[in-house]
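Asker: First the structure, then my questions, so here it is.
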Amino acid sequence: MFGWLRDEMVGQSVEILVPQALRNAHRRHRSVYAKDPVSRPMGLGMELEAVRKDGVAFPVEISLGPSRDRSGDLVVVCVVRDLTQSQVLRRVASARVLAIESERKRIAGELHDEVKQGLTATQLHLAALVQMDVAPKDAAEMVLGVQRDLDRCQDALDRAIRDLMPIELERWGLGFALSILCRRAGDDGFAVERDIRPTGGALSAEARLAVFRIVQEAVNNVKRHSGAATATVRYWRDGRVVRAEITDSGGGFSSDGLDPHRSVGLANMRERSRIVGGRLTVASALGEGTSVRLEVPVAFPVPQQEDPE
């Protein structure tokens with residue numbers, strides 16, 4: 001866990017396992033603890049850090065068990081548990097929950113703004129027509145208005161349904177679904193250039209859905225946050241790997257100033273790629289655009305837990 005050999009550690013101060021900036025405080029804590037030693041079990045919610053021989057700090061959970069040796073001197077049994085992986089999994093789980101809630105909010109907002117308001121307008125128009133409170137000429141215009149409102153409601157419902165379940169993916173495959181996704185994303189001065197090549201049904205159903213969602217999230221990020229007028233989507237097979245790449249020439253970002261919503265989306269994308277044994281790489285810099293690259297093996301192994309970076 002700490003990278004030391006036993007012979008290197010014996011006789012050293014325990015502070016070699018504590019980050020440099022905390023060592024003086026740790027000595028004081030040990031001195032206070034020695035005056036009134038008590039058991040401290042795991043899981044007390046204390047945010048603790050230890051440091052490896054190479055100087056890398058990592059989160060830990062520590063339990064203390066005081067005792068006395070044969071001569072009556074204080075001895076403390078210390079159990080240390082590395083929480084690096086647990087912390088990664090917690091962050092991923094948290095990001096997934098936030099991403100789901102963010103998507104629900106977006107769909108709910110779209111349904112409220114377009115469907116509910118459209119139906120309310122339709123109700124008012126129909127109520128006026130039923131009461132025959134309008135002239136025949138106005139009535140004809142109101143009927144056309146009702147049709148337009150219902151068309152907008154239907155479009156909004158179609159978009160919500162497509163977001164929840166990409167029908168094209170199930171019926172015609174990933175390549176076709178990605179092409180439709182790129183075409184539909186283009187509107188209001190935004191366009192998606194695409195180079196979608198057949199991959200011969202190389203991926204499982206789970207992997208196809210993961211690739212589709214990652215590309216969808218990446219395109220949405222470009223559209224909402226980058227300021228770019230275009231995005232480019234490429235999808236192809238490269239031997240035993242299927243690759244997807246989404247690039248733009250927008251404003252880019254730095255990790256320090258990352259938009260919280262985009263941060264959640266990136267975490268969700270990384271989780272999706274990991275689940276199907278893939279690898280996601282994101283490269284960006286302020287003023288230099290963003291590139292999202294995904295590779296998924298055709299025959300992927302059972303996903304393993306990520307090694308902490």
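Read-outs throughout are calculated quantities, based only on the coordinates presented, and are distinct from any laboratory measurement. Being a predicted model, the structure only gives us computed values, none of them experimental. As a convention, Cβ positions derive from the backbone with ideal geometry for all residues, glycine included, and neighbour counts pool all protein chains shown.
Asker: So for the chain, taking the charge dipole from beta-carbon charges (+1 Lys/Arg, -1 Asp/Glu), which of 229, 140, 85 sits furthest toward the positive end?
Answerer: Most positive-ward Cα: 85.
Asker: Semi-axes of the equivalent ellipsoid of segment 155-217: what are they in whole Å, largest first, if each equals the square root of 5 times a C-alpha gyration tensor eigenvalue?
Answerer: Largest first, segment 155-217 gives 20, 15, 9 Å.
Asker: Straight-line reach from residue 116: which lysines have Cα under 22 Å away, leaving out those fewer than 8 places along the same chain?
Answerer: Excluding near neighbours in sequence, the set is 105.
Asker: With each label point set 7 Å from Cα along the Cα-Cβ vector, what nm distance links residue 204 and residue 82?
Answerer: 2.8
Asker: Quote the charge dipole size of the chain about the Cα centre in Debye, to the nearest 20; the model charges only the Cβ of Lys and Arg (+1) and of Asp and Glu (-1). Display every interim value, and only then the final one.
Answerer: Values: 43 positive and 43 negative charges, 195 e Å.
Dipole of the chain, to the nearest 20 debye: 940 debye.
Asker: Using only DSSP helix segments of four residues or longer, with each worth -39500 (n - 2.57), what per-residue ellipticity at 222 nm results for the chain after dividing by its residue count and rounding to 500?
Answerer: For the chain, the value works out to -14500 deg cm²/dmol.
Asker: Return the Cα extents of the chain along principal axes one, two and three, sorted largest first, each rounded to a whole Å.
Answerer: Computed over the Cα atoms, the extents are 106, 54, 37 Å.
Asker: Can you put 69, 82, 155, 188 in order of Cβ neighbours within 10 angstrom, beginning with the fewest?
Answerer: Details: 69 8, 82 16, 155 13, 188 5.
With the sparsest Cβ surroundings first, the list reads 188, 69, 155, 82.
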